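The values are calculated or read from the model by the stated rules, or taken from the named source; none is laboratory data. Because the structure is a prediction, the values reported are computed rather than measured. Don't worry about glycine lacking a Cβ; one is built from the backbone with ideal geometry, like all the others, and counts go over all protein chains shown. The accessibility values were calculated without ligands, DNA or RNA, using every heavy atom of the protein model including side chains. Shrake-Rupley method; radii C 1.70, N 1.55, O 1.52, S 1.80 Å.
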Amino acid sequence: MKTSIATVSISGTLSDKLEAIAATGYDGIEIFEQDFIAFDGSPRDVGRMVRDHGLEITLFQPFRDFEGLPEPYRSKAFDRAERKFDLMGELGTDLVLYCSSCHPKALGGIDRAADDFAELGERAAARGMRVGYEALAWGKHVNDHRDAWEIVRRADHPNIGLILDSFHTLGRGIDPETIRRIPGDKIFFIQLADAPKIDMDLLYWSRHFRNMPGEGDLSVQAFMQAVMAAGYAGPISLEIFNDQFRGGSTRQVARDGYRSLIALMDDVRRAEPEIKLDLPKMPARVGVDGVSFVEFATRGAEARSLEDLLRTMGFERSGRHRNKAVTLWQQGDARIVVNEETEGHAGTAFNARGTTVCDIGLAVENAQAVTERAAALGTGLFSQPIGPGELDIPAIRGLSGSVLHFIDETSGLGDVWEVEFGAERVPAGAGITRIDHLAQTMSYEDMLSWTLFYTALFDMQKSPMVDVFDPDGLVRSQVVESPGGALRLTLNGADSHRTLAGRFLSETFGASVQHVALATDDIFATLDRLVERGFESLPMPQNYYDDLAARFDIAPDLLERMQSLNLLYDQDDRGAFFQTYSRAFAGGLFFEILQREAGYTGFGAPNAPFRIAAQKRLRRAKGVPGR
Ligand SMILES: O=C(O)c1ccc(O)c(O)c1
Ligand SMILES: [Mg+2]
């Protein structure tokens, strides 16, 4: 299986792009004509540059407004075609994409277009070139791959074939199953793109909002299953027009694309095992059972105040690492690791960001399978020297310098707490049972990368993005969770430095986990115990409780109790939800304590604006600079 990406999909100069594409592991590129024209070097230079990177030019594109023209435009289009064949010869590629005409003078007519392509086929054959015809979703007469295929079929020339682009088919709502009727050898090239479902003009949607397969809402997998079932055996290429990607990190977008492409093709193979695919075997997406631990890199006074906070929340120190300045804090199944090492990953993370979550431990079905799948998807593995008596726990690098470790029960890795920390008992605690979810803060432009990171590797689904209003801007929030909610993550994308999330990002130089949410089965009993230990929750205003009383049927004495504990409330058709927050510590980190009743699956999203406002009020009261 040959992988390819169009040069328009990523940012930078042509040489930046080639470097990133080659380093990521793609086999080839589609050269977008604009990238070539903007380049100061001959077509031969470009061809050489591409080959020097170990890449091939899988396609040259686009050639516009060719078919169905009256004279004198028609002859002119053929002259232009000859010029581009010259250019392709020098670049060193034999395949060009012709997109369906948008020319105001184009006449239409399937046979007229077929005749034009038959004649073009002769000219292409004489030059050793091939032409693929793509139906643009907004083409003047041809905007459906079924019509494009009819033209190619009638042109009946070996050098003329069809190019399918998932966006044009799926974006128009055309059933991809119709592709199964097309002979595979007449499909010359496949372009893939996904897109979020947004109701807007097709051309504008295509040129600005495409994204990587799996990042959007289109059925790219169904499209690709049909293509492979048809017998297609050529390159599979990403053609992504996206404003964010054009200005984003060249390497990151190239890596995301590769990850999405490999995950997609693996899904295709699993869905239709009869499809032959030359792609190395890899484990399926791995099931996650929950968060096994959250590790903070910290030091000195900040470490002491984190420990004090953990104590007030009912955690106890249940173990010390046998070789390192690392302690384990636990209650129920919730484990917090406090790492004060000055070297290694935690040391580096602290030096870069101050107190920060430097590692997330996930409880998984099979830890080895995670690292194998991660490697196949182009994700770097992580390892540190192993000290005496330590277990070799599989780990990978997440995004933004983060690390994830994987613990399973079958390989003995679950014994790490006894083996490395000498932890012999689980402290009784104050009723907190487990880590319910982690909230990761990121810049808005990294949200797609993180979502893809989780959904390509694990058995996890994303839910629709929601808007959260901070008094000083908008934060986009997306939930990624495993079936049944064993692992729940909320990804919060900040656009501006003025939001609470944006401030956290800038003050921690791009840290990710901002808050850890802890679950209890009886939040009132738990909070009573926490208050005795000196826990201080985030104060909520009277107006919030007056509104609760108006919106919900809550008994007055219960409401009073909730207010005295600064509890926030939500409910859905399955049950009720209570949550409260700790005061912020170490530059904007905080904890949440929550109780889900009877299958409530949300996160109290309606409360988020009031929580954020309360946190900002406290920040101002403490005289923290900024808003
Ligand atoms: O937006 C366009 O014009 C355009 C050009 C070439 C393509 O392959 C395509 O899918 C879209
Ligand atoms: Mg295309």
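Miscellaneous remarks
- When residues in the stretch 180-200 are screened for being within 16 Å of ligand 1 (Cβ to nearest atom) and touching a residue at least 24 places away in the same chain (Cβ under 8 Å), 9 of them pass.
- Out of LEU438, LEU474, LEU399, one residue alone is closer than 19 Å to ALA511 by Cβ and in a strand (DSSP E or B). It is LEU438.
- The condition of being in a loop (DSSP other than H, G, I, E, B) and either touching a residue at least 12 places away in the same chain (Cβ under 8 Å) or assigned by TED's automatic domain parsing to the domain that holds ILE593 (or both) holds for only one of ALA369, ALA423, ALA352, that being ALA423.
- Output for the stretch 67-94, where each listed residue is within 21 Å of GLY139 (Cα to Cα) and under 38 Å from the mean Cα position of the chain (by Cα): none
- Flag for PHE117 being within 16 Å of ligand 1 (Cβ to nearest atom), on the phi < 0 side of the Ramachandran plot and part of a helix (DSSP H, G or I): no
- Being assigned to a helix (DSSP H, G or I), under 27 Å from the mean Cα position of the chain (by Cα) and surrounded by fewer than 23 Cβ atoms within 10 Å (Cβ to Cβ) is a property that ALA346 lacks.
- Residues that are out of contact with any Asp or Glu (no Cβ under 7 Å at 6 or more places or on another chain), crowded, with 24+ Cβ neighbours inside 10 Å and not small (Gly, Ala, Ser), drawn from the stretch 289-299: VAL291, PHE296
- Across the stretch 216-234, the number of residues qualifying as part of a loop (DSSP other than H, G, I, E, B) and either away from ligand 1 (no atom under 14 Å from the Cβ) or at positive phi (or both) comes to 8.
- Only listed residue being of a type in the set (Asp, Glu), crowded, with 21+ Cβ neighbours inside 10 Å and modelled with pLDDT of 90 or more, chosen from ASP459, ASP415, ASP436, ASP392: ASP436
- Considering residues of the stretch 150-179 that are within 16 Å of ligand 1 (Cβ to nearest atom) and over 30 Å from the mean Cα position of the chain (by Cα) only, the residue farthest from LEU95 (Cα to Cα): VAL152
- Residues satisfying the stated conditions in the stretch 603-627, i.e. farther than 20 Å from TYR545 by Cβ and in contact with an Asp or Glu (Cβ under 6 Å, 6 or more places away or on another chain): ARG627
- For the stretch 484-500, the criterion of being of a type in the set (A, V, I, L, M, F, W, C), in a loop (DSSP other than H, G, I, E, B) and free of Cβ contacts under 8 Å to residues at least 40 places away in the same chain is met by no residue.
- Among residues of the stretch 596-618 that are not assigned by TED's automatic domain parsing to the domain that holds LYS462, none has a beta-carbon under 9 Å from a residue that is assigned to a helix (DSSP H, G or I) and not aromatic (Phe, Trp, Tyr) at least six positions away or on a different chain.
- ASP470 being closer than 30 Å to ARG620 by Cβ, buried (at least 17 other Cβ atoms within 10 Å of the Cβ) and at pLDDT below 95: yes
- Whichever residue in the stretch 135-155 is touching a strand residue (DSSP E or B) at 6+ places or on another chain (Cβ under 7 Å) and crowded, with 24+ Cβ neighbours inside 10 Å and, among such residues, is nearest to ILE190 (Cα to Cα): HIS145
- Applying the set (1) at pLDDT 95 or above; (2) in contact with a strand residue (DSSP E or B) (Cβ under 8 Å, 6 or more places away or on another chain) to GLU365 leaves exactly one unmet item: (1).
- Filter pass, TYR73 being within 16 Å of ligand 1 (Cβ to nearest atom) and assigned by TED's automatic domain parsing to the domain that holds TRP205: no
- The stretch 103-113: number of residues that are open to solvent by less than 60 Å² (accessible area, probe 1.4 Å) and in a loop (DSSP other than H, G, I, E, B): 4
- Residue in the stretch 42-63 that is among the basic types (Lys, Arg), within 21 Å of GLY128 (Cα to Cα), at pLDDT 95 or above and within 16 Å of ligand 1 (Cβ to nearest atom) present: no
- Counting only helices (runs of 4 or more DSSP H) that fall entirely inside the stretch 515-627 and contain at least 3 residues that are within 30 Å of ILE360 (Cβ to Cβ) and more than 29 Å from the chain's Cα centre (by Cα), the qualifying elements are 523-532, 608-621.
- Qualifying residue in the stretch 71-92 (condition: open to solvent by 10 Å² or more (accessible area, probe 1.4 Å), touching a strand residue (DSSP E or B) at 6+ places or on another chain (Cβ under 8 Å) and either farther than 20 Å from ILE37 by Cα or within 16 Å of ligand 2 (Cβ to nearest atom) (or both)): no
- Selection status of LEU310, open to solvent by less than 20 Å² (accessible area, probe 1.4 Å), free of Cβ contacts under 8 Å to residues at least 60 places away in the same chain and over 26 Å from the mean Cα position of the chain (by Cα): yes
- Among the candidates SER482, SER449, SER443, SER537, residue that is open to solvent by 30 Å² or more (accessible area, probe 1.4 Å) and either among the hydroxyl-bearing types (Ser, Thr, Tyr) or at pLDDT below 95 (or both): SER443
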